[in-house]
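S.K.: To start, I am sharing the structure in question, which I have written as structure tokens.
The values are calculated or read from the model by the stated rules, or taken from the named source; none is laboratory data. Because the structure is predicted, anything quoted here is derived from the model rather than measured. Glycine also receives a Cβ, built like all others from the backbone with ideal geometry; neighbour counts cover every protein chain displayed. Accessible surface areas use protein heavy atoms only, side chains included; no ligands, DNA or RNA. Shrake-Rupley method; radii C 1.70, N 1.55, O 1.52, S 1.80 Å.
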Amino acid sequence: MIIVKSREEIELMRESALIVSKTLGMIASEIKEGVTTLYLDKLAEEFIRDHGAEPSFLGLYGFPNSLCMSPNAQVVHGIPNNKPLESGDVISVDCGAYKNGYHGDHAYSFEIGDVAPETRKLLQITKESLYEGIRELKLGNRVEDVGNAIQRYTEAHGYGVVRELVGHGLGQKMHEDPEMPNYGKKGRGKLFVEGMVVAIEPMINMGTRNIKQLKDGWTILTADGKPSAHFEHDVAIIDGKPEILSTFGYIYKALGIVSNEEEEFRREPLVL
């Protein structure tokens with residue numbers, strides 16, 4: 001059952017989402033060659049707590065850390081460790097924060113040093129597909145309209161769309177209805193309603209869509225060892241249209257990137 005949020009609840013969720021956004025912006029300033037993911041995880045936990053929130057992922061289903069950090073062929077759910085990042089790596093950083101009874105949850109894939117052009121393109125197309133999907137989150141549409149948009153956009157570039165892992169509803173629980181797959185057929189799935197909030201998160205592989213899991217019970221990898229990319233936003237339906245509650249703006253500010261990609265999904269400009 002889809003849990004509808006009031007405007008007041010959505011604003012509380014926006015606050016949680018923006019704590020995640022600020023955390024990822026802080027990570028963007030720190031992530032570089034020679035740094036370990038475990039070090040970044042500790043920074044993130046401290047940052048989230050300093051902002052009056054709790055790390056959503058820490059202890060969730062038994063997960064041992066505050067960030068999911070998944071480099072290169074790891075798709076999602078990578079566990080932070082003491083291996084230094086290397087030039088040429090790409091890494092998905094997925095973060096959650098819980099405040100005022102509501103979760104924020106989104107992700108960004110970062111480039112470390114000199115990344116291969118074909119891998120950089122994978123990240124670009126995956127991020128663009130996120131917005132293709134968000135455009136379909138509106139009254140009158142259904143769940144698979146979002147997935148279909150993501151699938152068509154990424155498969156047109158020859159990429160593999162992961163099937164076993166999906167986006168999800170978001171609220172007082174980290175995972176609520178509906179599941180939000182990144183594939184599908186137009187016109188299928190649950191009907192969107194005013195006030196719903198979801199996390200849309202394309203997980204796209206350079207090669208095969210098939211995946212495997214490490215013995216740690218968490219880490220998901222591509223079956224062919226090729227890179228994967230992952231981007232995620234929290235999005236509400238307000239006045240029948242999609243509104244992004246999260247932002248990559250803090251990341252872009254840290255990295256010196258100029259972008260207006262989120263403007264069409266906001267009623268008012270976001271002040272960082």
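S.K.: Failed condition for LYS212, given (1) among the basic types (Lys, Arg); (2) over 30 Å from GLU118 (Cβ atoms); (3) without any contact (Cβ under 8 Å) to a residue 40 or more places away in the chain, with all others met?
M.R.: So the condition that LYS212 fails would be (2).
S.K.: Follow-up question, since we're still on this one. Could you run through region 17-41 and say how many residues are within 14 Å of ASP94 (Cα to Cα) and part of a helix (DSSP H, G or I)? Before you say what the answer is, go through the steps one by one.
M.R.: Restricting attention to region 17-41, the residues satisfying the condition of being within 14 Å of ASP94 (Cα to Cα) are 17-28, 31, 37-38, 40-41.
Right, trim to part of a helix (DSSP H, G or I) and you get 17-28, 37-38, 40-41.
Number satisfying all stated conditions: 16.
S.K.: Can you tell me which residue within region 118-137, out of those that are out of contact with any Ser or Thr (no Cβ under 7 Å at 6 or more places or on another chain) and among the hydrophobic types (A, V, I, L, M, F, W, C), is nearest to ARG188 (Cα to Cα)?
M.R.: Step by step, filter region 118-137, then rank; the result is LEU137.
S.K.: Could you list all residues from region 149-160 that are crowded, with 21+ Cβ neighbours inside 10 Å and over 21 Å from GLU194 (Cα atoms)? Reasoning before the result, please.
M.R.: Our first condition is that a residue be crowded, with 21+ Cβ neighbours inside 10 Å; within region 149-160, this holds for 149-151, 153-154, 159-160.
Correct list: ILE150, GLN151, TYR153, THR154, TYR159, GLY160.
S.K.: Can you tell which of LEU139, LEU130 is open to solvent by less than 10 Å² (accessible area, probe 1.4 Å) and in contact with an Asp or Glu (Cβ under 9 Å, 6 or more places away or on another chain)? Walk me through it before giving the result.
M.R.: On the way: LEU139 fails: open to solvent by less than 10 Å² (accessible area, probe 1.4 Å).
None of the other options fit; the residue is LEU130.
S.K.: A further question follows. Which residues, taken from region 33-42, are open to solvent by 30 Å² or more (accessible area, probe 1.4 Å) and closer than 18 Å to ALA254 by Cα?
M.R.: The one that is open to solvent by 30 Å² or more (accessible area, probe 1.4 Å) and closer than 18 Å to ALA254 by Cα: GLU33.
S.K.: Shifting gears a bit: Please indicate, with yes or no, whether at least one residue in region 9-23 is more than 20 Å from the chain's Cα centre (by Cα), under 17 Å from GLY171 (Cα atoms) and in contact (Cβ under 8 Å) with a residue 24 or more places away in the chain. Full working, then the answer.
M.R.: Going residue by residue through region 9-23, those that are more than 20 Å from the chain's Cα centre (by Cα) are 9.
Then drop every residue that is not under 17 Å from GLY171 (Cα atoms), which leaves 9.
After this cut, where a residue has to be in contact (Cβ under 8 Å) with a residue 24 or more places away in the chain as well, the list is 9.
Among the residues of region 9-23, at least one is more than 20 Å from the chain's Cα centre (by Cα), under 17 Å from GLY171 (Cα atoms) and in contact (Cβ under 8 Å) with a residue 24 or more places away in the chain, which makes the answer yes.
S.K.: I'm trying to understand the selection: among the residues of region 1-18, which are open to solvent by less than 10 Å² (accessible area, probe 1.4 Å) and β-branched (Val, Ile, Thr)?
M.R.: Going through region 1-18, the residues open to solvent by less than 10 Å² (accessible area, probe 1.4 Å) turn out to be 10, 13, 16-17.
Result: ILE10, single match.
S.K.: Here's another thing I want to ask about it. Looking only at region 211-232, which residues are surrounded by 14 or more Cβ atoms within 10 Å (Cβ to Cβ), in a loop (DSSP other than H, G, I, E, B), out of contact with any helix residue (DSSP H, G or I) (no Cβ under 8 Å at 6 or more places or on another chain) and of a type outside the set (A, V, I, L, M, F, W, C)?
M.R.: The first filter runs over region 211-232 and keeps only residues surrounded by 14 or more Cβ atoms within 10 Å (Cβ to Cβ), leaving 211, 218-224, 226-232.
Checking which are in a loop (DSSP other than H, G, I, E, B) leaves us with 218-219, 223-224, 226-227, 231.
From the residues that got through so far, the ones that are out of contact with any helix residue (DSSP H, G or I) (no Cβ under 8 Å at 6 or more places or on another chain) too are 218-219, 223-224, 226.
Correct list: THR219, ASP224, LYS226.
S.K.: Something else about it: Based on this model, can you work out whether GLU128 counts as farther than 13 Å from PRO227 by Cβ and without any contact (Cβ under 8 Å) to a residue 40 or more places away in the chain?
M.R.: Numbers: farther than 13 Å from PRO227 by Cβ: yes; without any contact (Cβ under 8 Å) to a residue 40 or more places away in the chain: yes.
Spelling it out, GLU128 is indeed farther than 13 Å from PRO227 by Cβ and without any contact (Cβ under 8 Å) to a residue 40 or more places away in the chain.
S.K.: Of the residues ASP50, ASP41, which single one is within 19 Å of ASP216 (Cβ to Cβ) and of a type in the set (D, E, K, R)? First the steps, then the outcome.
M.R.: Numbers: ASP50 fails: within 19 Å of ASP216 (Cβ to Cβ).
Every option except ASP41 fails the conditions.
S.K.: Would region 196-206 turn up any residue that is buried (at least 16 other Cβ atoms within 10 Å of the Cβ) and touching a Lys or Arg at 6+ places or on another chain (Cβ under 6 Å)?
M.R.: Residues of region 196-206 buried (at least 16 other Cβ atoms within 10 Å of the Cβ): 196-206.
So of that shortlist, the ones also touching a Lys or Arg at 6+ places or on another chain (Cβ under 6 Å) come out as 197, 206.
Yes, region 196-206 contains a residue that is buried (at least 16 other Cβ atoms within 10 Å of the Cβ) and touching a Lys or Arg at 6+ places or on another chain (Cβ under 6 Å).
S.K.: Suppose we filter SER259, SER246 for residues that are in contact with a helix residue (DSSP H, G or I) (Cβ under 8 Å, 6 or more places away or on another chain), of a type outside the set (Asp, Glu) and surrounded by fewer than 24 Cβ atoms within 10 Å (Cβ to Cβ); which single one remains?
M.R.: Values: SER246 fails: surrounded by fewer than 24 Cβ atoms within 10 Å (Cβ to Cβ).
Only one candidate passes the filter, namely SER259.
S.K.: Kindly list the number of the only condition in (1) farther than 23 Å from GLU8 by Cα; (2) part of a strand (DSSP E or B) that fails for ILE237.
M.R.: Answer for ILE237: the failing condition is (1).
S.K.: Let me ask another. Could you tell me which of the residues GLU30, GLU54, GLU111, GLU45 is of a type in the set (Asp, Glu), closer than 30 Å to ASN210 by Cβ, open to solvent by 50 Å² or more (accessible area, probe 1.4 Å) and in contact (Cβ under 8 Å) with a residue 12 or more places away in the chain? Reasoning before the result, please.
M.R.: Values: GLU30 fails: closer than 30 Å to ASN210 by Cβ; GLU54 fails: closer than 30 Å to ASN210 by Cβ; GLU45 fails: closer than 30 Å to ASN210 by Cβ.
Unique residue meeting the criteria: GLU111.
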